[in-house]
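To keep things clear, I will list the structure first and then write my remarks on it.
Read the figures in this text as sums done on the coordinates, not as results from a lab. These figures come from a predicted structure and were not determined experimentally. So basically every Cβ, Gly included, is an ideal-geometry build from the backbone, and we count neighbours across all protein chains shown.
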Amino acid sequence: MKTVLVIAGPTAVGKTALSVDLAQRFQTEIISADSRQLYQEMTIGTAKPTVAEMAGVRHHFIDSHSIHAPISAGQYEREVLTVIDGLFQDRDLLILSGGTGLYVNAVLHGLDDMPEGDPALRQRLQQQFEQNGITALQEQLLALDPAFAQLMDLNNTQRVMRALEVCLTTGRPYSSFRQRKRVDRPFRTILIGLDRPRDELYARIDRRVESMLAAGLVSEVQTLLPYRHTAALQTVGYKEVFGYLDGAYDYAAMVELLKRNTRRYAKRQLTWFRHQNEFQWFHPDEVEGILKVMMSDE
């Protein structure tokens, strides 16, 4: 039976290494479920896997789009399902790996039907964002729909504006439209969640931030200054450096912000995936246990 193996979890937990190992074992390919790594212009700040780390395994939805044409979850769903259909022509197992919960759910279960957008309201929200930044929009969403705001990535400008658009247009919380009506897919799924002891995960996050800075993160962000208001760049790893380049704080404060905000982002990712109640959880080193799950589900 055609199978999609999902490898999900927080940033820096070790998804890439495990996914590549399993892809090599089963001679298959990886579909990335990372809402930032698919953008060509964002490399260091997204911890995009290097050629060496991909180890010859083909990855889809890495460097596949541009920040100048941002991709929605619905578009991602449609494009991934097309890729899956094509890849299943000559293989029985594919790996969907990443930390963007909305993208994973879109592929596995489809998206909820939401009210039509209001272009005029979206334009006003965009103007608010450009004038005042993301903080005011975050506070507005927290007031209108605290339940959803606590689960989502509040640094994802597109999603914050879309949720606000629904709240303001309908007078109802965005979360009230999330009925979780699941679409049947023509493939089975095995859902593996990765986690580590908190101090271990946070130490890995701190080392990753230091490695990103050593690799030239500040220089990468400088090249993106003309596009800083694009939705894709309102994310951890970039907004902290923008603040440093603006002179809002010094280098040491920027480093601490990067580490703190990345840890918070990882915590939100874990909260999201644990709320799904579908994943079997493993330490990334527990490869034999994961293989047993894969075999037992056959």
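Couple of notes before you dig in:
- Working ranking of peptides 253-259, 53-59 by packing, defined as the average number of other Cβ atoms within 10 Å per residue, highest first, is 253-259, 53-59.
- Percent of alpha-carbon pairs separated by more than 17 Å within segment 1-134: 63 percent
- Mean-square fluctuations from a GNM of the chain, with a 10 angstrom spring cutoff on Cα atoms, peak among ARG198, ARG228, ARG263 at ARG198.
- Ordered by the count of other Cβ atoms within 10 Å of each Cβ, fewest first, TYR76, TYR244 give TYR244, TYR76.
- Using the Karplus relation 6.51 cos²θ - 1.76 cosθ + 1.60 with θ = phi - 60°, the per-residue 3J(HN,Hα) values for segment 187-192 come to 8, 8, 10, 10, 10, 10 Hz, with x marking Gly and Pro.
- Value of relative contact order over segment 119-177, rounded to a whole percent, pairs C-alpha under 8 Å and six or more apart: 35 percent
- The distance from the alpha carbon centre of segment 267-285 to that of segment 211-261 is 28 Å, rounded to a whole number.
- Gaussian network model of the chain, Cα within-10 Å springs - most flexible of GLU116, GLU29, GLU130: GLU116
- Listed values (i) 20.8, 70; (ii) 19.1, 56; (iii) 19.1, 60, entry calculated as Rg and Dmax of the Cα atoms in Å: (ii)
- Packing around the peptides 270-278, 43-51, taken as the average count of other Cβ atoms within 10 Å per residue, puts them in this order, highest first: 43-51, 270-278.
- Taking label points 7 Å from Cα along the Cα-to-Cβ direction, LYS292 and ASP184 give a separation of 3.3 nm.
- Between segment 29-47 and segment 74-148, the alpha-carbon centres lie 15 Å apart.
- Viscosity 0.692 mPa s, temperature 37 °C, Stokes-Einstein D of segment 119-177 from Kirkwood C-alpha radius, µm²/s: 294 µm²/s
- Each of LEU168 and GLU139 was given a label point 7 Å from its Cα along the Cα-to-Cβ line. The distance between the two points is 1.5 nm.
- At least 18 Å along the helix axis (C-alpha) and Kyte average at least 0.0, DSSP helices within the chain: 73-87, 157-170
- Extension reserve of the ALA147-SER211 stretch, reckoned as 0.36 nm per residue once the Cα distance is removed: 19.6 nm
- Label positions at LEU121 and ASP85, each projected 7 Å from the Cα along the C-beta direction, are separated by 3.3 nm.
- Computed [θ] at 222 nm, helices only, for the chain once each DSSP H run of length n ≥ 4 contributes -39500 (n - 2.57): -15500 deg cm²/dmol
- Between amide H atoms placed 1.01 Å from N, distances below 5 Å from HIS60 occur with ILE30, ILE31, SER32, all of them 5 or more places distant or on a separate chain.
- Segment 107-255 shape via C-alpha gyration tensor axes, a/c threshold 1.5: oblate
- Placing R0 at 30 angstrom, the Cβ-Cβ distance between VAL255 and HIS229 gives a FRET efficiency of 0.80 after rounding to 0.05.
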